[in-house]
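Written out below as C-alpha cells is the structure these notes cover.
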Ligand SMILES: [Zn+2]
C-alpha cells in the first residue's frame with residue numbers, strides 16, 4: 001500500500017512540475033509512477049463506476065473524444081486521455097490527474113494487454129483493425145491473437161465491435177457479452193473495391209471471404225462460401241446516409257428505436273467513429289437527445305488535420321500513417337480540390353514505423369487524373385514516395401523531390417496556387433506545424449479529421 005501511495009504522490013508531483021515547466025502533453029508522470037508501483041492502474045481505477053476502453057487501428061482518438069463528450073454532457077464526471085497518450089504510461093498519467101466516475105481510455109491496440117491485466121474494464125470498443133506500422137504489429141492475424149489474449153483478462157466486459165470488419169468480429173466469437181455496430185447498404189456502398197484488402201479470410205475455416213458490398217478497405221458485408229460464417233447482425237446500424245463535404249446525416253437504428261444524427265465531420269470513416277461512440281453511449285443508457293446534440297456540435301481536436309492560412313494559400317496538414325489513411329485522405333481532398341500543390345512528407349523514424357512498404361498498399365490512383373500544379377516529396381523517405389508515384393503512372397515532370405522540410409515549404413510557397421495539402425507521417429506533423437507557424441501561418445479549427 002505504501003508503494004501505491006508513494007507512486008501516486010511522486011506521479012502527481014512530476015505532473016505538477018512538468019505543467020509548471022510548461023512541458024505539457026508528456027507521459028513522464030505515468031512512466032515514473034508505474035516504475036514505483038507496476039499495479040498502479042488497478043488501484044487508480046478501482047473506484048470508478050465504469051471504465052470504457054476504446055481501441056483499434058483507426059478512429060480511436062475521434063471515437064474516444066466524442067464518447068467522452070457525450071458522457072460529460074449526460075452529467076457524468078469523465079476522465080479521459082485527450083492527447084492521444086494511449087500507451088500505459090499515458091493512461092496512467094491521465095488517471096493520476098484527478099478521480100472521476102467514468103473513465104474513457106483510448107488504448108493502443110498493441111499494448112492493450114498491459115492495461116487489461118490491471119484495469120477491470122466494463123466495456124471495450126474496437127473500431128477496426130487495418131494494417132498499421134508493419135514492423136510493430138507484423139501481421140494482422142497476430143494482432144488479433146494479441147487482442148484476444150488481452151480480452152481474456154476481462155471476461156465480464158461488454159465488447160462493442162464493428163460488425164463490418166471480419167477481423168474485429170472474430171474477436172466476438174465464443175464471448176458472452178457482445179454488441180455489434182455497422183453500416184447497412186447505402187449510396188456509398190461499392191460492389192467492388194480498388195483499395196487494399198486486409199483481413200478477408202474467414203476466421204473459422206480460413207478460406208477467403210466473399211463480399212456483397214464494401215464500405216472502405218475490407219469493411220463491408222461479407223460471408224464465407226465454405227462455412228456458415230457471415231457478418232453478424234448489427235445491434236446498432238446506420239442507414240440512409242447523406243454525405244456532403246461539410247456534413248454527413250444518417251439514421252442510427254437500435255433495438256429500442258432510431259435516432260437521426262448529423263455530424264460536421266465528413267468521410268465514411270467518420271460515420272464509423274460517430275456510430276461507435278453513439279452505440280456505446282446508447283448501450284450505457286444515455287438519452288438519444290444528448291447524443292444528437294453533442295454529435296451535431298463535435299469537431300475533432302486539432303493536430304490530426306489542421307488548416308493554415310499563409311501567403312494567400314490555404315494549407316491543410318493531414319496525418320497519414322497507413323495505406324487506408326492515405327487512400328481515404330486523398331479521396332477526401334482530391335474530390336473537393338481544384339488546382340493545388342500536394343506535399344508528401346514521409347519519414348521512417350520509430351514513431352512513424354520503420355517500414356514504409358505500406359506506401360505501395362495505398363490507393364493513389366486518384367492522383368493520376370487529378371488537377372494539380374506540383375507534387376513535392378519530402379522527408380527521410382522522399383525518394384521512396386517519388387518512386388511510388390512514378391509506378392502509379394504520375395507524370396514525373398510535375399514531381400519534385402525536396403527531402404529537407406524547410407526547403408520543401410519554400411518550394412510549396414513559390415507555386416501560385418490557392419490550395420496546398422501536406423500529407424505527413426507522425427514525426428513530420430509537429431515539424432511542419434512548427435515551420436508554418438514560424439512563418440506566420442494562422443490556423444483555423446479543422447473540420448476534417450484524419451483517420452486516427
Ligand atoms: Zn468459413
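The values are calculated or read from the model by the stated rules, or taken from the named source; none is laboratory data. Remember, it's a predicted structure, so these values are computed and weren't measured experimentally. Every residue, glycine as well, gets a Cβ built from its backbone with ideal geometry; the counts of neighbours run over all protein chains shown.
Side notes on the structure shown:
- Counted residues, the stretch 204-217 - those being more than 24 Å from residue 271 (Cβ to Cβ) and near the ligand (Cβ under 8 Å from one of its atoms): 4
- Any pair with Cβ under 7 angstrom, 6 or more apart, that starts in the stretch 227-240 at a residue that is more than 18 Å from residue 186 (Cα to Cα) and ends at one that is assigned to a strand (DSSP E or B) and more than 9 Å from the ligand (Cβ to nearest atom): 230/222
- Residue that is touching a residue at least 40 places away in the same chain (Cβ under 8 Å), more than 16 Å from the ligand (Cβ to nearest atom) and surrounded by 14 or more Cβ atoms within 10 Å (Cβ to Cβ), where the choices are 148, 221, 186: 186
- Lone unmet requirement of (1) out of contact with any strand residue (DSSP E or B) (no Cβ under 8 Å at 6 or more places or on another chain); (2) closer than 14 Å to residue 115 by Cβ for residue 45: (1)
- Checking 195, 139 one by one, the residue that is touching a strand residue (DSSP E or B) at 6+ places or on another chain (Cβ under 7 Å) and at pLDDT below 95 is 195 and no other.
- Within the stretch 150-168, restricting attention to residues that are out of contact with any helix residue (DSSP H, G or I) (no Cβ under 7 Å at 6 or more places or on another chain) and over 27 Å from residue 88 (Cβ atoms), the residue that is modelled with the highest pLDDT is 164.
- The strands (runs of 3 or more DSSP E) falling completely within the stretch 150-227 that include 3 or more residues that are within 21 Å of the chain's Cα centre (by Cα) map to 158-162, 178-183, 210-216.
- Residue check for residue 364: surrounded by 14 or more Cβ atoms within 10 Å (Cβ to Cβ), touching a helix residue (DSSP H, G or I) at 6+ places or on another chain (Cβ under 7 Å) and in a strand (DSSP E or B): no
- Matching residues in the stretch 234-271 - criterion: being in a loop (DSSP other than H, G, I, E, B), surrounded by fewer than 16 Cβ atoms within 10 Å (Cβ to Cβ) and under 24 Å from the mean Cα position of the chain (by Cα): 244, 245, 246, 247
- Condition check for residue 336: modelled with pLDDT of 90 or more, under 23 Å from the mean Cα position of the chain (by Cα), assigned by TED's automatic domain parsing to the domain that holds residue 403 and in a loop (DSSP other than H, G, I, E, B): no
- Residue 214 vs. criteria modelled with pLDDT of 85 or more, surrounded by 19 or more Cβ atoms within 10 Å (Cβ to Cβ) and within 25 Å of residue 360 (Cα to Cα): yes
- So residue 181, is it within 22 Å of residue 295 (Cβ to Cβ), at pLDDT 95 or above and more than 16 Å from the ligand (Cβ to nearest atom): yes
- Within the stretch 367-412, tally of residues that are surrounded by fewer than 20 Cβ atoms within 10 Å (Cβ to Cβ) and closer than 14 Å to residue 339 by Cα: 8
- Condition check for residue 158: touching a residue at least 60 places away in the same chain (Cβ under 8 Å), surrounded by 15 or more Cβ atoms within 10 Å (Cβ to Cβ) and within 16 Å of the ligand (Cβ to nearest atom): no
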